[in-house]
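The values are calculated or read from the model by the stated rules, or taken from the named source; none is laboratory data. Here the structure is a predicted model, which means the values were calculated and not measured. Glycine gets a Cβ as well: all are built from the backbone with ideal geometry, and neighbour counts include every protein chain shown. These area figures cover heavy atoms from the full protein model, side chains too; ligands, DNA and RNA do not enter into them. Shrake-Rupley method; radii C 1.70, N 1.55, O 1.52, S 1.80 Å.
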Amino acid sequence: MADEIDAEREERELVEALKAGDESAFATLVERYHPSLVRVARSYVGSEAIAEEVAQDTWVGALNGIDRFEGRSTVKTWLYRILTNRALTRRDRERRSVPFSALAAEEIDGDSAALDVERFLPADHPQWPLHWAVAPQTWAAGGEDRALAAEAREVIDRAIDALPPAQRTVITMRDIEGFSSEDVCNVLEITESNQRVLLHRARTRVRAALNEYMVDQ
Amino acid sequence: MTPHGCDPPSLSCRDLVDLVTDYLEGAMDPATAASFERHAHDCPPCLEHLEQMKLTVRAAGGVSDEAITPEARSALMERFRDWNAGRGG
Ligand SMILES: [Zn+2]
């Protein structure tokens with residue numbers, strides 16, 4: 001906690017230096033955030049090249065808006081909000097751009113198919129209602145190493161690419177970039193419970209993809 | 001919880017799978033969390049599922065920290081200098 005406060009204080013100092021035109025402050029922030037901004041942008045726009053452009057535009061937007069940054073949010077939240085706006089605008093160029101919260105709500109309602117339903121016995125089963133119909137296949141000993149191997153990385157990345165968009169962004173921020181749920185909710189302006197629904201669906205699908213790889217040996 | 005201790009809700013295997021993210025996120029009330037843990041402790045397939053979800057999260061996070069490319073860095077520094085010059089810096 002103290003570390004977090006120190007880190008936040010340091011970032012605010014960087015932003016103050018940046019307001020004064022300090023190039024090294026900009027270089028520090030860029031080193032720290034640019035690769036992550038590109039990965040999060042990629043969750044919206046689907047192409048590496050466009051994600052790079054969106055991340056670069058984010059920095060320009062941040063510079064142009066820096067005199068209005070008053071520290072009501074963290075530097076991180078501020079940057080990723082700019083990114084989210086730019087990425088959604090870019091993605092929806094032909095349509096009217098909707099805020100992430102609307103996208104999330106739409107996806108939560110529209111993607112209501114219960115996950116993993118075929119894995120369970122029905123609620124009216126005489127003996128074992130809602131028990132496993134097919135028990136999960138065990139991920140063998142050594143599963144940890146296998147799950148962390150480069151091949152598994154490809155399986156996971158493909159599974160994330162195939163997710164509906166709001167799920168893709170939430171799992172990218174939470175599980176790949178290591179954001180807290182609070183930070184994700186602040187950046188995307190969604191409720192904790194919607195964030196959790198999206199994360200749950202995303203992780204469930206990624207587990208299923210990883211399962212095929214883990215038991216196929 | 002009442003002083004007499006209401007029975008915590010009993011969870012089906014299906015419930016456990018539906019609630020696994022709430023559990024991992026610490027978004028459960030203590031009685032439900034205790035019930036969740038008791039079920040997982042006594043039910044090997046549910047325990048296996050819980051472990052698989054945890055490993056999935058760890059595996060998703062196993063991305064090596066990429067550094068910024070030199071091209072991106074120089075493009076950004078150039079944009080910074082343009083911006084700074086534009087505001088008379
Ligand atoms: Zn069970």
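Starting from 0 in steps of 10 Å, tell me what percent of the Cα-Cα pairs of region A:56-164 lands in each bin.
10, 20, 25, 23, 15, 6, 1
Would you calculate the separation in nanometres between label points at A:SER73 and B:ASP42, each defined as 7 Å from the Cα along the Cα-to-beta-carbon direction?
4.6 nm
Return the FRET efficiency for the residue pair A:LEU115, A:ASP92: r is the Cβ-Cβ distance, R0 is 30 Å, and the value is rounded to the nearest 0.05. Show your work: numbers first, answer last.
Details: r = 27 Å, r/R0 = 0.91.
Once the sixth-power term is evaluated, E becomes 0.65.
What does the structure give for B:12-20 when I average, per residue, the other chain Cβ atoms found within 10 Å of the residue Cβ? Provide the component values of the computation, followed by the final result.
Working: counts 8, 10, 12, 1, 2, 10, 7, 1, 4.
Average neighbour count from other chains, rounded to a whole number: 6.
Using DSSP to define loop residues, name the trypsin sites (Lys or Arg not before Pro) in region B:12-89 whose beta-carbon has at most 13 other beta-carbon atoms within 10 Å.
Values: sites: B:ARG14, B:ARG38, B:LYS54, B:ARG58, B:ARG73, B:ARG79, B:ARG81, B:ARG87; in loops: B:ARG87.
In loop regions of region B:12-89 (DSSP not H, G, I, E or B), the sparsely surrounded trypsin sites (Lys or Arg not before Pro) are B:ARG87.
Give the calculated FRET efficiency between B:SER74 and A:ALA49 to the nearest 0.05, with a Förster radius of 30 Å applied to their Cβ-Cβ distance. Working shown, then result.
On the way: r = 17 Å, r/R0 = 0.57.
Efficiency at R0 = 30 Å is approximately 0.95.
Write down the Å³ per residue value for the convex hull defined by the alpha carbon atoms of region A:25-93.
Numbers: hull volume 5.7 nm³, N = 69.
Residue-normalised Cα hull volume stands at 83 Å³.
Mind checking B:45-58 for the average number of partner chain beta-carbons within 10 Å of each residue's beta-carbon?
Working: counts 8, 4, 1, 6, 6, 1, 5, 11, 5, 1, 10, 16, 7, 4.
Other-chain Cβ atoms within 10 Å of each residue's Cβ, averaged: 6.
Summarise the accessible area of chain B (1.4 Å probe, protein heavy atoms) by the percent that is carbon and sulfur. List each step's numbers first, then the result.
Values: 2620 of 4950 Å².
Carbon plus sulfur share of accessible area: 53 percent.
Given a 1.4 Å probe and no ligands, DNA or RNA in the count, how much accessible surface is buried by A and B, both sides, to the nearest 100 Å²?
On the way: alone 12760 and 7090 Å², together 15740 Å².
Looking at A and B, the buried total is near 4100 Å².
Could I have the simple spin-label model distance between A:ASN85 and B:ASP65, label points 7 Å from Cα toward Cβ, reported in nm to one decimal?
Distance between the two pseudo-spin positions: 2.9 nm.
Quote the relative contact order of chain B in percent (integer), defining contacts as alpha-carbon pairs under 8 Å separated by 6+ residues. List each step's numbers first, then the result.
Details: 29 pairs, mean separation 21.8, N = 89.
Once normalised by length, the contact order is 24 percent.
Between B:SER10 and B:GLU51, what is the label-point separation in nm under the 7 Å Cα-to-beta-carbon projection?
For the pair B:GLU51/B:SER10, the computed spacing is 2.6 nm.
Work out the FRET efficiency for A:HIS131 and A:GLU212 from their Cβ-Cβ distance, taking R0 = 22 Å, and round it to the nearest 0.05.
On the way: r = 23 Å, r/R0 = 1.05.
The calculated FRET efficiency here is 0.45.
Which loop trypsin sites (Lys or Arg not before Pro) in region A:22-101, with loop taken from DSSP, have no more than 15 other Cβ atoms within 10 angstrom of their Cβ? Walk me through the numbers on the way to the answer.
Numbers: sites: A:ARG32, A:ARG39, A:ARG42, A:ARG68, A:ARG72, A:LYS76, A:ARG81, A:ARG86, A:ARG90, A:ARG91, A:ARG93, A:ARG95, A:ARG96; in loops: A:ARG72, A:ARG93, A:ARG95, A:ARG96.
Here the trypsin sites (Lys or Arg not before Pro) that fit, given the DSSP loop and packing criteria, are A:ARG72, A:ARG93, A:ARG95, A:ARG96.
Compute the normalised compactness of the protein assembly as shown: alpha-carbon radius of gyration over 2.2 N^0.38 Å, N being the residue count.
Numbers: Rg = 22.2 Å, N = 306, 2.2 N^0.38 = 19.4 Å.
Against the compact-globule rule of thumb, the ratio is 1.15.
Which number comes out as Rg/Rh for chain B once both Rg and the Kirkwood Rh are worked out on C-alpha atoms?
Numbers: Rg = 24.6 Å, Rh = 17.3 Å.
Ratio of gyration radius to Kirkwood radius for chain B: 1.42.
Hey, got the dipole for region A:2-92? About the Cα centre, +1 on K and R Cβ, -1 on D and E Cβ, debye to the nearest 20? Don't jump to the answer; show the numbers that get you there.
Details: 13 positive and 18 negative charges, 105 e Å.
That gives region A:2-92 a dipole magnitude of about 500 debye.
At a cut-off of 10 Å², which residues of region A:1-45 become less accessible once all protein chains are present than in their chain alone, using a 1.4 Å probe?
Relative to the lone chain, where solvent access is computed with a 1.4 Å probe, region A:1-45 loses at least 10 Å² at A:LEU18, A:LYS19, A:GLY21, A:GLU23, A:PHE26, A:ALA27, A:VAL30, A:GLU31, A:HIS34, A:PRO35, A:ARG39.
Relative contact order (percent) for chain A, with alpha-carbon contacts under 8 angstrom and 6 or more residues of separation?
On the way: 185 pairs, mean separation 45.6, N = 217.
Relative contact order for chain A comes out at 21 percent.
Given the options B:THR32, B:THR69, B:THR21, state which has the largest fluctuation in a GNM of chain B using a 10 Å cut-off (strictly under) for Cα springs.
Checking each option, the largest mean-square fluctuation is seen for B:THR69.
Just counting partner chain Cβ atoms within 10 Å, what average do the residues of peptide B:62-72 show around their Cβ?
Details: counts 9, 11, 1, 2, 5, 3, 10, 4, 0, 1, 8.
If you average over the peptide's residues, the count of other-chain Cβ atoms is 5.
Return the carbon/sulfur percentage of the accessible area of region A:1-158, one whole number, probe 1.4 Å, all protein chains in place. Don't jump to the answer; show the numbers that get you there.
Working: 4480 of 8720 Å².
Answer for region A:1-158: carbon and sulfur cover 51 percent of the accessible area.
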